[in-house]
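See structure below.
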Amino acid sequence: MSPTTPYDGRRIRAAVIGTGAIARGSHLTALGALAEQGEVEVVAAVDIDAKAVEAFCAAGGVPHGYTDLDRMLREQRPDLVTICTPPTLHRDQTVAALRAGAWVWCEKPPMPTLADFDAVEAEEGKEAGPYASIVFQHRFGSGTRHVRRLLDGHDLGRPLVAHCQTTWYRDTAYYAVPWRGRWETEGGGPAMGHGIHQMDLLLDLLGPWSEVRAMAGRLVHDVETEDVSTALVRFENGALATVVNSVLSPDEVSRIRIDCERATVELTHLYGHSNENWAVTPAPGVPDEQAAAWRDFGADVPSSHTEQLRELVASMRAGERPRSSGADGRGSLELIAALYKSAFTDVTVRAGEIGPGDPFYTAMHGNAPGWAPVVSEEVPV
């Protein structure tokens with residue numbers, strides 16, 4: 001008989017922090033779906049803009065709106081806090097929620113630096129939570145579940161070669177918004193803010209990485225961060241992968257391809273995927289019935305915030321660490337830090353080497369010449 005948790009026999013009380021587009025379009029939708037199933041109830045929302053939170057609460061049927069996070073945590077005592085604010089706020093807001101006893105579901109990028117991520121993990125409960133999980137919704141759904149099962153069961157043979165591509169297009173008007181393209185406010189360029197989803201999915205499918213070699217450039221946009229990067233990644237299982245992250249690509253696509261001994265598995269989509277976005281190509285000699293089984297993905301459950309939230313709520317009720325938290329959530333951020341370090345210093349970076357004392361542990365630009373923000377000095381009059 002499993003031990004009881006504080007959430008047995010009742011709905012989980014949830015609060016939303018930040019009421020912008022991602023909160024309205026994805027988080028509230030996911031919370032609403034689980035509310036209909038009797039799993040959660042949304043008790044509060046917080047935003048520094050009083051009119052924005054008032055409109056959010058009115059549109060979503062949320063009973064309590066706040067402009068002060070600490071006050072909301074004291075008065076509403078939510079079980080779960082979903083964070084939909086800019087990355088620079090994630091650390092402090094996550095820590096505040098954890099200290100108040102709430103589990104956290106935080107939008108990507110998770111934290112601006114590895115140091116921030118480790119500081120948050122240190123605030124988590126040691127047993128049964130609360131834990132802080134990152135929104136990596138592309139891991140969830142029937143397609144990813146089926147392919148992960150094939151890879152874990154070695155049905156396809158050893159993974160050998162992989163490609164991870166996030167090639168999107170952002171024009172100058174996109175970067176005219178003052179906080180974009182800056183290390184302090186966006187945390188990084190397309191590797192951090194755009195390609196992180198596909199890189200996380202690649203790690204979820206192939207397992208831990210061991211080393212990375214990378215290049216980055218500012219080819220078009222006048223920004224602090226990169227606007228394109230490429231990387232070669234070696235995995236612990238021996239597989240080799242190329243990773244491309246770009247905001248310079250008019251023909252936009254998100255893609256993962258894994259070539260195994262007995263088949264190639266490929267995912268092609270843009271911002272989310274369903275079963276039809278996956279393809280399995282068997283190697284010559286694979287029996288037709290075997291290939292047909294590989295191509296049978298079962299009932300279609302698209303990737304979504306709803307699917308990840310459903311699993312997170314199940315983890316809360318079981319008192320178990322959820323996926324995309326702790327070491328499992330840190331891997332993608334560490335890969336990005338390593339990518340930047342390799343690109344900006346022209347070295348091969350190995351997993352585990354970026355820690356306290358390394359400049360890339362506390363800043364994704366690592367204070368590298370030509371990449372660190374330029375601090376303007378006032379000239380005395």
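Compute the length gained on full extension between residue 5 and residue 185: take 0.36 nm times their separation in residues and subtract their Cα-Cα distance, giving the result in nm to one decimal.
61.0 nm is the gain from fully extending residue 5 to residue 185.
Out of residues 5 or more away from residue 133 or on other chains, whose amide H comes under 5 Å of its own, with H placed 1.01 Å from N in the peptide plane?
When sequence neighbours closer than 5 places are left aside, the close amide H contacts are 104, 105, 106.
Leaving ligands, DNA and RNA out of it, report the carbon-plus-sulfur percent of the accessible area of the stretch 195-246 at a 1.4 Å probe.
Accessible surface attributable to carbon and sulfur in the stretch 195-246 totals 57 percent.
For the stretch 220-295, what does the accessible surface come to per residue with a 1.4 Å probe? Please give it in Å².
It amounts to 47 Å² per residue over the stretch 220-295.
Which lysines, if any, have their Cα less than 24 Å from the Cα of residue 126, not counting same-chain residues under 8 positions apart?
Within the straight-line cut-off, residue 126 pairs with 108.
Pop out the carbon and sulfur fraction of the accessible area of the stretch 273-381 as a percent, whole number, probe 1.4 Å.
That fraction is 52 percent.
Among the aspartates and glutamates, which have Cα under 19 Å from the Cα of residue 341 when same-chain residues fewer than 8 positions away are ignored?
Leaving aside aspartates and glutamates fewer than 8 places away in the same chain, those within reach of residue 341 are 116, 118, 184, 186, 200, 211, 224, 226, 227, 353, 358.
Can you show me the helix-derived [θ] at 222 nm for the chain, built from DSSP H runs with n ≥ 4 at -39,500 (n - 2.57) apiece and divided by the number of residues, rounded to the nearest 500.
So the calculated ellipticity at 222 nm is -9000 deg cm²/dmol.
Counting only heavy atoms of protein chains, what accessible area per residue, in Å², does the stretch 297-381 have with a probe of 1.4 Å?
That works out to 48 Å² per residue.
GNM on the chain, C-alpha springs below 10 Å: top fluctuator among 87, 178, 112?
Looking only at 87, 178, 112, the largest GNM fluctuation is found for 178.
Rounded to the nearest whole Å², what accessible area per residue is found for the stretch 1-74 with the 1.4 Å probe?
Ligands and nucleic acids excluded, the result is 54 Å² per residue.
If you average the alpha carbon positions of the stretch 86-115 and of the stretch 239-283, how far apart do those two centres end up, in angstrom?
30 Å
Using a Förster radius of 45 Å, what is the FRET efficiency between residue 251 and residue 54 based on their Cβ-Cβ separation? Nearest 0.05, please.
Efficiency, rounded to the nearest 0.05: 0.60.
Report the gain in length on full extension from residue 161 to residue 174: 0.36 nm times residue separation, minus Cα-Cα distance, nm rounded to one decimal.
Between residue 161 and residue 174, full extension yields 1.3 nm more.
Taking 0.36 nm per intervening residue step and subtracting the Cα-Cα distance, what contour gain separates residue 350 from residue 375 on full extension?
Full-extension gain reported as 6.0 nm.
If I model a spin label at residue 68 and residue 36 as a point 7 Å from the Cα along the Cα→Cβ vector, what separation in nanometres do I get?
Reported label-point gap for residue 68 and residue 36 is 3.7 nm.
For residue 270 paired with residue 29, estimate the spin-label separation in nm (one decimal), with each label point 7 Å from Cα along the Cα-to-Cβ line.
It works out to 1.4 nm between the two label points.
The values are calculated or read from the model by the stated rules, or taken from the named source; none is laboratory data. These numbers come from a predicted model, not from an experiment. Here Cβ is always computed from backbone atoms with ideal geometry, including for glycine, and neighbour counts include all displayed protein chains. When the accessible area is computed, the model is the full protein with side chains, heavy atoms only, and any ligands, DNA or RNA have been set aside. Shrake-Rupley method; radii C 1.70, N 1.55, O 1.52, S 1.80 Å.
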